[in-house]
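In what follows, a single structure is set out as structure tokens and then discussed.
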């Protein structure tokens, strides 16, 4: 057992000027590094309240599961560090006491439509050496909310928000580029239907994709959707959320 | 518990006593026995090609008067031996585009070219006619032997086709902008780019003809681009992994599969399970979702760019059309072994035992659940126990675009052991009890308690002590005890899974270039034996 192994740390600390966070781990401060992040928009304006999620990326080893295959897991001795920190009003945050290594950063802003690079691009990589403060500017682009309402007067969809083991009778998402896909999350369910939401970039040609083996849908004009993968083209413009509404018209024809 | 006590005594009295005590034990209360035959040489499955080293059957087949029998006779002999041991089904690996020499199984004659240059048309293609004819011969031989079930697994063909990153594209890439994997971050972070310092040549992306994505190195196709661990923990491999320009194409693949299903039906062989890839690992490779719902090659299925190929539904339709259960379209997963034979105290993001993460991920993928790794997993447990446990944050996990019902079969490959050590009989038995004991929890939370349970690969019936190069036949660096198969059964019998109807399918690989692990003899010491004379170690309760 090494002292570098720590319990998962989840700290969101907001201070008056700069936000400081420190993961609960037990490495001596002599070898600890510091992450300093400034979150801005593409015009270099600070984004206050942004949440940075950081995780140390471990070296891995292959462990045997079967004769042919194994699976990768963090290598022995790899230090753990994971957590979240909130930027202050100036878009700044500092996380101290991090074990040296390569980190991956994700970012989102509660209640605002900034695009998380871990969804729409790649995690932001930053190397944090021991005893050094590693600065990183994280630039977030503003997208819009895609909101999809599916009215379900017959109650044919599960009457609960999609959970890990809830049967998926309807999937909702967007297709873009050469077939890339992002799912919209089922955010809520009420007596009349389901609400799905996803933050999407502007200026990108999308098709809204609804898929189901179980139910048939129409749009609000009554036109039936192709449930093997509807292709409703749209493109978001800045500042204007995209909203769609559909209705479950019955069970899918088998 | 009784069985467990017997096995512990076995360790004390030594192997000979152990074999005598454990061999009479049946597998659980209701069980079937199948075996893996592994790779099938369908191009040369006939009475003329010799089952010798040149065809990679150096010791797996009978030798009569110093002469190797032919390949078909070899298989007929072995199938007869298996049937006499209570084996009721076999699993075969089928290569469609293995162009390695000698050619052992190649169903398409333009492998390595675009899907448009290939077609499934045995009526006008004599190579395909011969190949599918041999498939039919094998199914006939299976029936003659009295074995009526087959599991068909499409095998990875070698990744030998390549292109420069600057020629590669990914689904993430907007058409018409001149982007490629060499000049944008539309491709996964672990895409090889630049100059390889070892060779001073540009890195290449490699492709297999039967995988709808790319890999990092020439070889077996396992070094997949979009590895979450090599991509700064990104779960976006499904979108960023390269599109395979050498992919044989879905309609071509469906054509060959449909022909195999038809031959099984015409020989009255039941297709027990159909899998187009094995041992999927959705925690590390979300791009393997393309085997179920493919966003990279819709045109090869007759669809338009931007469409998703619903491979699950297409395969289920083929099964139905040939009179088989569509719920047997499946993909196997693996159990997770740990350095501790008994540890199962951690819960994964799916609210299941950590050892069940493989089947959890499989079930999630097919139902448009969450795959990849959760950002708040517990790395300490991962380091200490090799299990992905802890956390509940699914917000950055990936969700596939289509959803289907669960298959009515669960296929998990389990080689129970304490990893990273030379195991004792007790450790193997304890690990088996833990592995099998955890599975009912998965069946419950996945609402799959009525599914057929198959331990699709597990320890072979007779452990070889031989070496393949510097590695033992079994599990590489460590020699496992000869009682491992019996320990496997004993552990199972002491677990909660023993109350289920379960099929055990021990591993065997006849087409074995080393020729040492499954050497054939006509005696009771045959390394192919699984239940010789009804004496175990794998004695099913059902024929």
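Across the stretch B:272-286, what is the number of residues that are away from every other protein chain (no Cβ under 12 Å) and either over 28 Å from residue B:38 (Cα atoms) or touching a helix residue (DSSP H, G or I) at 6+ places or on another chain (Cβ under 7 Å) (or both)?
4
Sort out which residues of the stretch B:62-78 are at negative phi and either crowded, with 20+ Cβ neighbours inside 10 Å or not in a strand (DSSP E or B) (or both), and write them in order of number.
The answer is B:62, B:68, B:69, B:70, B:71, B:72, B:73, B:74, B:75, B:76, B:77, B:78.
Check B:304, B:345, B:336, B:300 and return the single one that is buried (at least 19 other Cβ atoms within 10 Å of the Cβ) and either assigned to a loop (DSSP other than H, G, I, E, B) or at positive phi (or both).
Selected residue: B:336, the only one of B:304, B:345, B:336, B:300 that is buried (at least 19 other Cβ atoms within 10 Å of the Cβ) and either assigned to a loop (DSSP other than H, G, I, E, B) or at positive phi (or both).
Evaluate the stretch B:167-189: report whether one residue or more is surrounded by 24 or more Cβ atoms within 10 Å (Cβ to Cβ), closer than 28 Å to residue B:280 by Cβ, touching a residue at least 12 places away in the same chain (Cβ under 8 Å) and away from chain A (no Cβ under 14 Å).
No, the stretch B:167-189 contains no residue that is surrounded by 24 or more Cβ atoms within 10 Å (Cβ to Cβ), closer than 28 Å to residue B:280 by Cβ, touching a residue at least 12 places away in the same chain (Cβ under 8 Å) and away from chain A (no Cβ under 14 Å).
Does residue B:246 qualify as being more than 14 Å from every other protein chain (Cβ to nearest Cβ) and closer than 30 Å to residue A:104 by Cβ?
The answer is no for residue B:246.
Taking the stretch B:361-384 as the search range and keeping residues that are touching a residue at least 40 places away in the same chain (Cβ under 8 Å) and at the interface with chain A (Cβ under 9 Å from one of its Cβ atoms), which one is surrounded by the fewest Cβ atoms within 10 Å (Cβ to Cβ)?
So the residue we want is B:384.
Which condition breaks for residue B:411 when tested against (1) in contact with a helix residue (DSSP H, G or I) (Cβ under 7 Å, 6 or more places away or on another chain); (2) crowded, with 23+ Cβ neighbours inside 10 Å; (3) under 30 Å from residue B:313 (Cβ atoms)?
Of everything listed in (1) in contact with a helix residue (DSSP H, G or I) (Cβ under 7 Å, 6 or more places away or on another chain); (2) crowded, with 23+ Cβ neighbours inside 10 Å; (3) under 30 Å from residue B:313 (Cβ atoms), residue B:411 misses just condition (1).
Residue-by-condition table, conditions (1) touching a residue at least 12 places away in the same chain (Cβ under 8 Å); (2) away from every other protein chain (no Cβ under 14 Å); (3) crowded, with 24+ Cβ neighbours inside 10 Å; (4) under 20 Å from the mean Cα position of the chain (by Cα):
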position	(1), (2), (3), (4)
B:424	yes, yes, no, no
B:431	yes, no, yes, no
B:440	yes, yes, no, no
B:447	yes, no, no, no
B:450	yes, yes, no, no
B:455	yes, no, yes, yes
B:459	yes, no, yes, yes
B:464	yes, no, no, no
B:467	yes, yes, no, no
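Residues to consider are A:210, A:220, A:225; find the one that is more than 14 Å from chain B (Cβ to nearest Cβ), in contact with a strand residue (DSSP E or B) (Cβ under 7 Å, 6 or more places away or on another chain) and within 19 Å of residue B:308 (Cα to Cα). Full working, then the answer.
Details: A:210 fails: more than 14 Å from chain B (Cβ to nearest Cβ); A:220 fails: within 19 Å of residue B:308 (Cα to Cα).
The match here is A:225.
How about the stretch B:221-230: which of its residues are modelled with pLDDT under 90 and either facing another protein chain (nearest Cβ under 9 Å) or in contact with a helix residue (DSSP H, G or I) (Cβ under 9 Å, 6 or more places away or on another chain) (or both)?
Of everything in the stretch B:221-230, just one residue is modelled with pLDDT under 90 and either facing another protein chain (nearest Cβ under 9 Å) or in contact with a helix residue (DSSP H, G or I) (Cβ under 9 Å, 6 or more places away or on another chain) (or both), namely B:222.
Only one of these is farther than 25 Å from residue B:163 by Cα, in a loop (DSSP other than H, G, I, E, B), in contact (Cβ under 8 Å) with a residue 12 or more places away in the chain and in contact with a strand residue (DSSP E or B) (Cβ under 8 Å, 6 or more places away or on another chain): B:283, B:323, B:221, B:327. Name it.
Of the residues listed, the single one that is farther than 25 Å from residue B:163 by Cα, in a loop (DSSP other than H, G, I, E, B), in contact (Cβ under 8 Å) with a residue 12 or more places away in the chain and in contact with a strand residue (DSSP E or B) (Cβ under 8 Å, 6 or more places away or on another chain) is B:283.
From (1) facing chain A (nearest Cβ under 9 Å); (2) part of a loop (DSSP other than H, G, I, E, B); (3) touching a strand residue (DSSP E or B) at 6+ places or on another chain (Cβ under 9 Å), pick out the condition that doesn't hold for residue B:389.
(1) is the only condition that residue B:389 fails.
Run residue B:243 past the list (1) part of a loop (DSSP other than H, G, I, E, B); (2) touching a helix residue (DSSP H, G or I) at 6+ places or on another chain (Cβ under 8 Å); (3) over 26 Å from residue A:212 (Cβ atoms) and report the number of the one that doesn't hold.
Exception for residue B:243: condition (2).
Could you count how many residues in the stretch B:398-420 are within 7 Å of another protein chain (Cβ to nearest Cβ) and on the phi > 0 side of the Ramachandran plot? If you could, list the steps in order and put the result at the bottom.
The initial filter retains those residues of the stretch B:398-420 that are within 7 Å of another protein chain (Cβ to nearest Cβ), namely B:399, B:401-404, B:413, B:415, B:419.
The next check asks that each one be on the phi > 0 side of the Ramachandran plot; those that pass are none.
Residues flagged as within 7 Å of another protein chain (Cβ to nearest Cβ) and on the phi > 0 side of the Ramachandran plot within the stretch B:398-420 amount to 0.
Among the residues of the stretch A:185-207 satisfying the criterion of being in a loop (DSSP other than H, G, I, E, B) and more than 9 Å from chain B (Cβ to nearest Cβ), which is farthest from residue B:363 (Cα to Cα)? Show your work before the answer.
Our first condition is that a residue be in a loop (DSSP other than H, G, I, E, B); within the stretch A:185-207, this holds for A:191-192, A:201-204.
With more than 9 Å from chain B (Cβ to nearest Cβ) added as a condition, the list becomes A:191-192, A:201-203.
On the way: A:191: 29, A:192: 29, A:201: 31, A:202: 34, A:203: 36 Å.
Only one residue tops the list, namely A:203.
Could you please let me know if residue B:212 is over 22 Å from residue A:59 (Cα atoms), over 24 Å from the mean Cα position of the chain (by Cα) and part of a loop (DSSP other than H, G, I, E, B)?
Working: over 22 Å from residue A:59 (Cα atoms): yes; over 24 Å from the mean Cα position of the chain (by Cα): no; part of a loop (DSSP other than H, G, I, E, B): yes.
No, not satisfied.
Can you name the condition, by its number, that residue B:351 falls short on among (1) within 7 Å of chain A (Cβ to nearest Cβ); (2) in contact with a helix residue (DSSP H, G or I) (Cβ under 6 Å, 6 or more places away or on another chain); (3) surrounded by fewer than 21 Cβ atoms within 10 Å (Cβ to Cβ)?
(2)
The values are calculated or read from the model by the stated rules, or taken from the named source; none is laboratory data. Every value quoted in this text rests on a predicted model; they were computed, and no experiment measured them. Here Cβ is always computed from backbone atoms with ideal geometry, including for glycine, and neighbour counts include all displayed protein chains.
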